[in-house]
Structure formats: C-alpha cells, structure tokens
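K.L.:
Please read through the structure below; I'll follow up with questions.
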Amino acid sequence: MAISPSRLSLAAAALLIAGLSLTGCTALFPSSAPPATDSSTGEEIEQTDTDVFALSVGQCLNDTDGTEVSEVPLVDCADEHDFEVYSDFELTGDEFPGTDEINTQADAECLTAFESFVGISYDDSALGYTYFTPTEGSWTDGDDRLVSCLIGDPNGKVSGTLKGAAK
C-alpha cells in the first residue's frame, strides 16, 4: 500500500509523513515504527502492529518510517495518535491502472468522505488527510484494491476521534 501526502499541507506532510510515499505490498517489510509515547507524560503508549491490508474505519495509528510497509502501529484512539482511518473503499479493474490514476481516484473519494466525517468541508478545516493505496505489486500479487483514507492534524498528534470535530 502507498500513502500519499497530496492533500496535507506542507507542514503536515513534513510532520506526519516520512518521505514521499509509504508502500506496503508484502509481509517482508516489518513495521519500523518507533515506540509511541504520550507527549505530556513521556510514558510509552501501547501499540500493536497490524496488517495494513486489514485496516478498518475507526482505527487509529501512528506514522511509520520507511518507504514500504505491510504493518502499521495501531493505538487506542483515546491515546495520542497521528492518523485515524475515516473511510475506505475498493478500486475496480483487473489491470493495475497506474499510480497516478490510483492517486486521482483516492484523492477524490477521500475528499468526498472528509466533510461527512469531520462535519465541515476540507477547505474550511484545519485538518488534513492522506491515504494508503495499492502498489503495483500488491495489486498484482495480492489482489489488493483497498484504499484507506486517513485523517490527521498537521499541528501534531490528537487524542480521541476526529469524527464530527468540525475543526
């Protein structure tokens, strides 16, 4: 899966995304997430590496390092986290349509879902979004068509859900 910073501000992209894109297409790439800690107490937050292909709406996760991932560090949404999965959908087709086409579709669908999740339009919101998308390898070898839309705050980690945040 690939993650795109296309709708995040430059500050959010720098803060929330390491590198231009994260992809995950096989179990050969372990999570490289650093231990999560609470910013106010410094205490370590429990996180569990989960298959990126098994993400579902409502789950919260922290960012990972590297350019290819198959696992992401899930955390309890009550704890500080970088992203929340706010929407997902399946792409169609037998042949890989190309990264640009996938990103175009993902951006459009995630943007459409943003307002109903947050409660205000993307243009009026201080929040940003990004998404995991299939790579050519995961599309071809793993029948991966899932796009997971992720929401985050460019100013840092959040606690709790952003559903209905209207900010």
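The values are calculated or read from the model by the stated rules, or taken from the named source; none is laboratory data. All of these numbers come straight from a predicted model, not from anything done at the bench. Virtual Cβ from ideal backbone geometry, glycine too; neighbours counted across all protein chains shown. Heads up: the accessible areas ignore ligands, DNA and RNA and are worked out on the full protein's heavy atoms, side chains in. Shrake-Rupley method; radii C 1.70, N 1.55, O 1.52, S 1.80 Å.
K.L.:
Take the residues in the stretch 82-112 that are open to solvent by less than 20 Å² (accessible area, probe 1.4 Å) and hydrophobic (A, V, I, L, M, F, W, C), then tell me which one is nearest to Leu61 (Cα to Cα).
P.N.:
The extreme case among them is Phe83.
K.L.:
Related question: Starting from residues that are within 18 Å of the chain's Cα centre (by Cα) and either β-branched (Val, Ile, Thr) or open to solvent by 60 Å² or more (accessible area, probe 1.4 Å) (or both), keep the ones in the stretch 137-167 and report whichever is nearest to Asn62 (Cα to Cα).
P.N.:
Lys157
K.L.:
Out of Pro35, Pro30, Pro73, I need the residue that is within 24 Å of Gly160 (Cβ to Cβ), of a type outside the set (S, T, N, Q), at pLDDT below 95 and open to solvent by 70 Å² or more (accessible area, probe 1.4 Å). Which one?
P.N.:
After ruling out the rest, the residue left standing is Pro35.
K.L.:
Continuing with this model, one more query. Please find, within the stretch 48-70, the residue that is modelled with the highest pLDDT out of those that are crowded, with 18+ Cβ neighbours inside 10 Å and farther than 18 Å from Leu127 by Cα. Give the steps one after another, and end with the answer.
P.N.:
Filtering the stretch 48-70 for residues crowded, with 18+ Cβ neighbours inside 10 Å gives 52-53, 55, 59-64, 68-70.
From what is left, the residues that are farther than 18 Å from Leu127 by Cα are 52-53, 55, 64, 68-70.
Working: Val52: 90, Phe53: 88, Leu55: 93, Thr64: 81, Glu68: 65, Val69: 73, Ser70: 85.
So the residue we want is Leu55.
K.L.:
Can you confirm whether the stretch 110-128 contains a residue that is touching a Leu at 6+ places or on another chain (Cβ under 6 Å), at pLDDT below 95 and within 26 Å of Gly164 (Cα to Cα)?
P.N.:
Within the stretch 110-128, none of the residues are touching a Leu at 6+ places or on another chain (Cβ under 6 Å), at pLDDT below 95 and within 26 Å of Gly164 (Cα to Cα).
K.L.:
Return the pairs, sorted by first residue and then second, in which the second residue is open to solvent by 20 Å² or more (accessible area, probe 1.4 Å) and in a strand (DSSP E or B), the first residue lies in the stretch 141-167 and is closer than 19 Å to Glu101 by Cα and among the charged types (D, E, K, R), the beta carbons are less than 7 Å apart, and the residues are 6+ apart or on different chains.
P.N.:
Every condition considered, the pairs that remain are Arg145/Glu90.
K.L.:
Could you tell me whether Leu127 is in contact (Cβ under 8 Å) with a residue 12 or more places away in the chain, open to solvent by less than 10 Å² (accessible area, probe 1.4 Å) and more than 12 Å from the chain's Cα centre (by Cα)? Lay out the reasoning, then the answer.
P.N.:
On the way: in contact (Cβ under 8 Å) with a residue 12 or more places away in the chain: yes; open to solvent by less than 10 Å² (accessible area, probe 1.4 Å): yes; more than 12 Å from the chain's Cα centre (by Cα): yes.
Considered against the rule, which asks whether it is in contact (Cβ under 8 Å) with a residue 12 or more places away in the chain, open to solvent by less than 10 Å² (accessible area, probe 1.4 Å) and more than 12 Å from the chain's Cα centre (by Cα), Leu127 comes out as yes.
K.L.:
If only one of Ser121, Ser116 is among the small types (Gly, Ala, Ser) and over 18 Å from the mean Cα position of the chain (by Cα), which one is it?
P.N.:
On the way: Ser116 fails: over 18 Å from the mean Cα position of the chain (by Cα).
Within the list Ser121, Ser116, the selection yields Ser121.
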